[in-house]
1. All other residues with a Cβ under 15 Å from the Cβ of A:Val123 taken together, and with Lys, Arg as +1 and Asp, Glu as -1, what is their net charge?
2. Strictly over 22 Å apart at the Cα level, which of B:Lys6/B:Lys98; A:Lys179/A:Lys256; A:Lys148/A:Lys179; A:Lys205/A:Lys256; A:Lys74/A:Lys148 would you flag in this model?
3. With a 10 Å cut-off between alpha carbons and a GNM built on chain B, which of B:Leu32, B:Leu226, B:Leu243 moves the most?
4. Express the relative contact order of the stretch A:63-127 as a whole percentage, based on alpha carbon pairs under 8 Å and six or more residues apart in sequence.
5. Over the stretch A:106-186, what is the mean sequence separation of C-alpha contacts under 8 Å (at least six apart), divided by residue count, expressed as relative contact order in percent?
6. Using a cut-off of 11 Å between beta-carbons, work out the net charge of the residues near A:Lys219 (Lys and Arg +1, Asp and Glu -1, A:Lys219 not included).
7. Between the stretch B:233-282 and the stretch A:74-116, what is the C-alpha centre distance in whole Å?
8. Within straight cross-link reach of A:Lys133, meaning Cα distance under 21 Å, which lysines are found once same-chain residues fewer than 8 apart are removed?
Amino acid sequence: MVRWLTVLLVASAIFVAGCFAENSWRLVRTSIPEMGRKQIEPTLGQGVLLGILGGLRTVIADGTWLRSYVAWEKRDRAACEGLMRTACALDPRARYFWENTGYVMGYDMAHWEIRRRGGYAKVSQEIQDGLFKSYARKGLEIFEDGAKHTGGNPGILISAGQMAEIKLKDNLLAASYYKRATESANAPWFSYFLCARSLWEGGQKKESYAWYRKQWLEKLKGVGDSSPDDLEHLRYMEAELSLPVLQRIPRQTWEK
Amino acid sequence: MRNLIKQSLRRTAWIARITFLEAIRQRFFAFLILLSAALVVSSVSFRFLDFGHGELKFVADFGFGGVFFFGSILTLVMTAQLFFAEIENRTALTLLAKPVSRWEFLAGKFTGVWAVLGIFIFTLTFILGLVMWGRHQELVALAEAAGRVPPDLSISGVAAYALLQWLRLGVIAAMVLAISSVARSFLFAIVVGAMAVLAGQLQWIAQETLLKDKDLGVVYQSFLWLITRVIPNLQQFNIGDALALDVSSVTNGAVWAASLSGCIYIIVLLVLAGLGFRRREI
């Protein structure tokens, strides 16, 4: 009886300790990069256990990234993707890994696939376009994941916008990425123009002008030298839209 | 009563002192502390291998990783070795024949080992703190010259990390003692201890991946839920880079909660070790 009571007491003590640990883990969890099933599965077999165990995550992520370059040189799509995704999973807060993985997936891999199928002369243009688009979509998925893990890094969002523009020829999708980049705290000055240009080229000329004008009046005008380049672009849009003088942005004292 | 406690504490401290002296003279300890110190000092030289992180993050991760890895090996081997050496050399028999209880013996062993681990952790963290502080000063000067925002470094965060790692190693030492108290051989204790450490370090992954999976059945999820409360979560002590380089990302009270959790684990595991050792034939 006493023996069973002791076992029960010890089991309860371990359980209570576990519950305390759970409470502490909830507080600590926010400081550790997220790692879900989606991130772990592609990393299996890449020898990254030590990185997941704790410590050395950055170092192992760097080593994995170096190994991925060997696969990149050999045009080994599966190995390259696996290793690059592993580096991203190990250090999900580094912009560098997400951005370059997205670039490799979206820009390089379609070319590898075309060469593997016999080269540009053998593969029809239609299939080539299909491959470019399918890999670009994969690249965009990587950028999306990267933006999520880095708290909406504007560099990653601008890269996504460029890919949507260049590879998918989808100006409106590109504009949506650029717009997200402008909404981040450290948005680069040129992201506003990129967004307005994509909307404009996507056929939404009036919306583009209205949005760009709003941004210039509310944000860009008050920054540094009042963003004269952006005002110049806005003047071009006003002329193209043949806006009456009263609907245009009032002439600035410093304007040429 | 007070006198009895005082005498018991004196006997425990005496065993701890002997254990400490025995452990600190071990070549294995000297080898690992030198190896880890070399790794920590050389971390700055390896920074060219870094891609896209802050330079200090790389240095910190390199150093913390070394402390974590070699600290775990040292704890596993040293705790089991010191425990089994007493039994195999029959010194435990002599000791326990005197008015020394088995609880005092275990508590003394643990305290001695933990003190040596404290020297290991605090020496290495001090060296790492110096290396990081030196590089931080250079980076601040470079950033100021280039008009950029200098990187952050919290020395108190490095100290908090040292405390958490010391507690983590304490939990591992208590875990190995609990296993050793029932194990028949040194090798068995080491292997099972290493597996327990691995499970403790990886149990958060099980929480992240399996417990959130809605496809799993209720029975399996309940079993996993129970397992995650029984196996100590050792990952909760690994927030060194956040503490040193990005204190704002650490939730208020996280260090205290992790410390309290570590202390509770140590006490519970030592009680478990004591119960296992109570009936053991020596």
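1. On the way: positive: A:Arg115, A:Arg116, A:Arg117, A:Lys122, A:Lys133; negative: A:Glu113, A:Glu126, A:Asp129.
Within the 15 Å Cβ shell, the charges total +2.
2. Those over the limit are A:Lys179/A:Lys256; A:Lys205/A:Lys256; A:Lys74/A:Lys148.
3. Result: B:Leu226 has the largest fluctuation of those listed.
4. Relative contact order for the stretch A:63-127 comes out at 24 percent.
5. Across the stretch A:106-186, relative contact order equals 27 percent.
6. Every neighbour counted, the sum reads -1.
7. Distance between centres, Cα-based: 38 Å.
8. Result set, ordered by chain and number: A:Lys122, A:Lys167, A:Lys169.
Every read-out reported here was derived from the displayed coordinates using simple, explicitly stated rules and does not represent laboratory data. Note that the structure is a prediction, hence the values are computed from the model and not measured. Positions of Cβ are generated from backbone atoms using ideal geometry, with glycine treated the same way; all protein chains shown enter the neighbour counts.
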